[in-house]
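Q: Below is a structure I'd like to ask you about.
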Amino acid sequence: MGPLVPLDASSGSVDGALRRAFGLFPSGVAAVAAVVEDAPRVLVVSSFQVGISADPPLVLFAVQHTSTTWPVLRRADRLGVSVLGEAHDVVARRLAAKGDGDRFRDVETTTTPSGAVLVTGAPLHLETSVEGGVRAGDHDVVLLRVHAVATEPAVPPLVFHGSSFRRLSPADAAA
């Protein structure tokens, strides 16, 4: 174990040390997307969590207050959540790109009748709506109610760890 580093806001070391520390927790990568004002909008999140509640069915993610996409996307009646698969590493970068370019260029999607946008080939798709949220420091934690689900268990997930996309490999059963 390395030495514990105090998080002292006056030294300016908090953000870098905390980002590096949080980056060591592996997480899935999800695209939250919908058609808003006749155009597909997307937010890529690595803070997505399932299993928040089964009754009602709830999932959550966190989004920075500085996001320019979330204020537009949150107006959608339904949001598609696609937990990205290991083949989506390039897709994840494109969907997360800043700027006004076409984030969906060369990305195969399906749009539900309610306007939720789902990325084709993901191991998990959810159709959701905003249930609520809470302000949490420099982020908002957003609760989503799940209305429909589709799974592809054979598709391995994309994992974000140490500021890089990674693939899972099975643990050695002999170990």
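Q: What does the charge dipole of region 3-145 about its Cα centre add up to, to the nearest 20 debye, if the Cβ of each Lys and Arg holds +1 and the Cβ of each Asp and Glu holds -1?
A: Roughly 160 debye, rounded to the nearest 20.
Q: Something else: ³J(HN,Hα) across region 40-45 via Karplus (A = 6.51, B = -1.76, C = 1.60, θ = phi - 60°), whole Hz, x for Gly/Pro?
A: With the stated coefficients, region 40-45 comes to x, 10, 8, 10, 9, 10 Hz.
Q: Additional query: So how long is each side of region 96-175 along the principal axes, counting just the alpha-carbon atoms, biggest first, in Å?
A: 46, 34, 31
Q: Could you give the alpha-carbon Rg of region 40-88 over 2.2 N^0.38 Å, rounded to two decimals?
A: That works out to 1.25 for region 40-88.
Q: Sequence-distant or interchain residues sharing an amide H contact under 5 Å with Gly133, placed H: which?
A: It is Leu143, by chain and number.
Q: Counting only trypsin sites (Lys or Arg not before Pro) that sit in a DSSP loop (anything but H, G, I, E, B) with at most 10 other Cβ atoms within 10 Å, what is the longest stretch of the chain containing none of them?
A: 1-97
Q: On full extension of the chain, what length is gained from Glu152 through Ala136, given 0.36 nm per residue of separation minus the C-alpha to C-alpha distance?
A: This chain segment gains 2.5 nm when fully extended.
Q: Now for a different question. Can you tell me how much longer the chain between Asp38 and Lys98 gets when fully stretched, taken as 0.36 nm per residue apart minus their C-alpha distance, in nm with one decimal?
A: 19.6 nm
Q: How large is log10 I(q)/I(0) at q = 0.08, 0.10 Å⁻¹ when the Debye formula is applied to the Cα atoms of the chain, each weighted equally and without solvent?
A: Rounded to two decimals, the profile gives -0.27, -0.42.
Q: Here is a follow-up. For region 50-145, which GluC sites (Glu not before Pro) are in a loop by DSSP, counting at most 16 other Cβ atoms within 10 Å?
A: Listed in order of number, the matching sites are Glu108.
Q: Go through Phe104, Phe22, Phe61 and list them by solvent-accessible area, largest first, probe radius 1.4 Å.
A: Putting Phe104, Phe22, Phe61 in descending order of accessible area: Phe22, Phe104, Phe61.
Q: If you count only protein heavy atoms with a 1.4 Å probe, what accessible area per residue comes out for the chain, rounded to a whole Å²?
A: Heavy-atom SASA per residue in the chain reads 60 Å².
Q: A further question follows. Name the residue farthest towards the positive end of the dipole of the chain from the options Ser47, Leu143, Leu84, assuming +1 on Cβ of Lys and Arg, -1 on Cβ of Asp and Glu, about the Cα centre.
A: Working it through, the farthest residue towards the positive pole turns out to be Ser47.
Q: Right, next: Which whole number in µm²/s is D for region 13-54 by Stokes-Einstein, with the Kirkwood Rh taken over Cα pairs at 20 °C and 1.002 mPa s?
A: For these conditions, the coefficient is 167 µm²/s.
The values are calculated or read from the model by the stated rules, or taken from the named source; none is laboratory data. No experiment lies behind these values; they were computed from the predicted model shown. Note: ideal-geometry Cβ built from the backbone for every residue, glycine included; neighbour counts use all protein chains shown. For the accessible areas, the whole protein counts, side chains as well, though only heavy atoms, and no ligand, DNA or RNA atoms are used. Shrake-Rupley method; radii C 1.70, N 1.55, O 1.52, S 1.80 Å.
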